[in-house]
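Participant: Shown below is the structure under consideration.
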Amino acid sequence: DTGVSQDPRHKITKRGQNVTFRCDPISEHNRLYWYRQTLGQGPEFLTYFQNEAQLEKSRLLSDRFSAERPKGSFSTLEIQRTEQGDSAMYLCASSVPTRPYEQYFGPGTRLTVT
Amino acid sequence: AQKITQTQPGMFVQEKEAVTLDCTYDTSDPSYGLFWYKQPSSGEMIFLIYQGSYDQQNATEGRYSLNFQKARKSANLVISASQLGDSAMYFCAMREEPGNTGKLIFGQGTTLQVKP
């Protein structure tokens, strides 16, 4: 396994459409994190999973956002009724509980809402 | 509330010279972790170095070292012998230890440009 992968790398959508992103963590990593990064800013925490359980959600994650990790492996992040303010880079990271400081990031999905 | 501050939006350094990127943090928790990540133009966040709040010695990883001054709440990154490939955005981050969630709080970043 070469690392965390994310798909797609880029997504352009029209306002009001739904989009879904996928993250595949490193295979033995049971923790998975989603972050959002807007232009010129540092990433902001959105949510995280330990195995299939979603343990914490940021208040940044409005009702239009939902994340799942059904089998404790890959995760999806869905945004419903996209708004222009959703335009950002969505980063996924994974780690193991015994070494939570070694958080490995994927290449990100850049979302542009027109 | 925990906070990370990076006051240098952009830095220039001559190739082969050393450069220091500043980071200050604020937390009331006695146990925390501090990180530096590199983000090249490709977008991927690359882990560089980690310092635990109880670590007695400053962390080092190859050309990277972390100048940890706990009383001043600063965790500056020192890159020695800069290379052209070091040109990137650099983020300082902090992890909350209580609760062991692992989630990171990032600063706004510093853009480093290495001149040949």
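Participant: Among the aspartates and glutamates, which have Cα under 15 Å from the Cα of A:Lys71 when same-chain residues fewer than 8 positions away are ignored?
Facilitator: By straight Cα distance, A:Lys71 reaches A:Asp24, A:Glu28, A:Glu52.
Participant: Just report the Cα centroid separation between the range B:19-54 and the range A:41-67, whole Å.
Facilitator: 21
Participant: Grab the alpha carbons of the protein assembly as shown, take their convex hull, and tell me the volume per residue in Å³.
Facilitator: Once divided by residue count, the hull of the protein assembly as shown is 126 Å³.
Participant: Across every pair of different alpha-carbon atoms, what Kirkwood hydrodynamic radius in Å does the range B:35-116 reach?
Facilitator: 13.6
Participant: In whole Hz, with x marking every Gly and Pro, tabulate ³J(HN,Hα) for the range A:4-20 from phi via Karplus 6.51 cos²θ - 1.76 cosθ + 1.60, θ = phi - 60°.
Facilitator: After applying 6.51 cos²θ - 1.76 cosθ + 1.60, I find 6, 10, 9, 8, x, 7, 9, 9, 10, 9, 8, 3, x, 7, 9, 9, 9 Hz.
Participant: So if I take the alpha carbon set of chain A, get Rg, then get Rh from the Kirkwood formula, what is the Rg over Rh ratio?
Facilitator: 0.95
Participant: Same structure again: FRET efficiency for A:Glu83 and B:Thr60, Cβ-Cβ distance as r, R0 = 30 Å, nearest 0.05?
Facilitator: Taking R0 as 30 Å, the efficiency between A:Glu83 and B:Thr60 is 0.10.
Participant: Give me the lysines in straight-line cross-link reach of B:Lys70: C-alpha distance below 28 Å, same-chain residues under 8 apart excluded.
Facilitator: B:Lys3, B:Lys38, B:Lys103
Participant: Give, in whole angstrom and from largest to smallest, the semi-axes √(5λ) of the equivalent ellipsoid of the range B:6-73, with λ running over the eigenvalues of the Cα gyration tensor.
Facilitator: So the equivalent ellipsoid measures 22, 14, 13 Å along its semi-axes.
We did not get these values from a lab; they are worked out from the coordinates using the rules stated. Note that the structure is predicted; figures quoted are calculated from it, not measured. Note that we place each Cβ from the backbone using ideal geometry, even for glycine, and neighbour counts take in every protein chain shown.
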